[in-house]
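Below is one structure, written out as structure tokens; the observations come after it.
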Amino acid sequence: QVQLVESGGGLVQAGGSLRLSCAASGSIWSIDAMGWYRQAPGKQREWVATIRSGGSTNYADSVKGRFTISRDNAKNTVYLQMSSLKPEDTAVYYCNAGAVVGGTFRYLEIWGQGTLVTVSS
């Protein structure tokens, strides 16, 4: 099995910064794209950013220029550096990855359990 574990959430004032981490573990053959999504209270989950195995990135317009996604392929870890945070960034942030499982070589889409980010005004 493969699992994702996020960390780094917390409470921060508007204008502040936080860095989220998400580490994949288990029987991993390879990981393709990794990304972050978020779900604010009472809203649907929305895509935030994606980074592919080669390093190319894409961002939602709402976070472009403020958030930076990166990854360490050797550690199977993806990061989300969040700066200039706004109260509307408050949400549970979920890590997502597409992974090929060792042994079976099945491709799975995996989600982490989420980490709460609260931005106070």
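Among the criteria (1) touching a residue at least 24 places away in the same chain (Cβ under 8 Å); (2) of a type in the set (Val, Ile, Thr); (3) farther than 18 Å from Val119 by Cβ, the one Thr57 does not fulfil is (1).
I'd like to verify a number: residues in the range 58-93 that are in a strand (DSSP E or B) and either within 22 Å of Gly42 (Cα to Cα) or of a type outside the set (Val, Ile, Thr) (or both), how many? So the answer is 13.
Condition first: of a type in the set (S, T, N, Q), open to solvent by 60 Å² or more (accessible area, probe 1.4 Å) and without any contact (Cβ under 8 Å) to a residue 60 or more places away in the chain. Now tell me which residues in the range 64-89 satisfy that.
Within the range 64-89, Thr68, Asn73 meet the criteria.
Could you list all residues from the range 40-57 that are more than 10 Å from the chain's Cα centre (by Cα) and under 21 Å from Ser17 (Cβ atoms)? If the condition is that a residue be more than 10 Å from the chain's Cα centre (by Cα) and under 21 Å from Ser17 (Cβ atoms), then Ala40, Glu46, Thr57 are the ones that fit. Taking the range 8-31 as the range and being open to solvent by 50 Å² or more (accessible area, probe 1.4 Å), part of a strand (DSSP E or B) and modelled with pLDDT of 95 or more as the test, the residues that pass are Leu11, Gln13, Arg19. Number of residues in the range 92-121 that are within 18 Å of the chain's Cα centre (by Cα), surrounded by fewer than 19 Cβ atoms within 10 Å (Cβ to Cβ) and of a type outside the set (A, V, I, L, M) equals 6.
The values are calculated or read from the model by the stated rules, or taken from the named source; none is laboratory data. Computed from a predicted model, the values in this text were never measured in an experiment. Because the Cβ atoms are built from the backbone with ideal geometry, glycine has one as well, and the counts that use them run over all protein chains shown. Heads up: the accessible areas ignore ligands, DNA and RNA and are worked out on the full protein's heavy atoms, side chains in. Shrake-Rupley method; radii C 1.70, N 1.55, O 1.52, S 1.80 Å.
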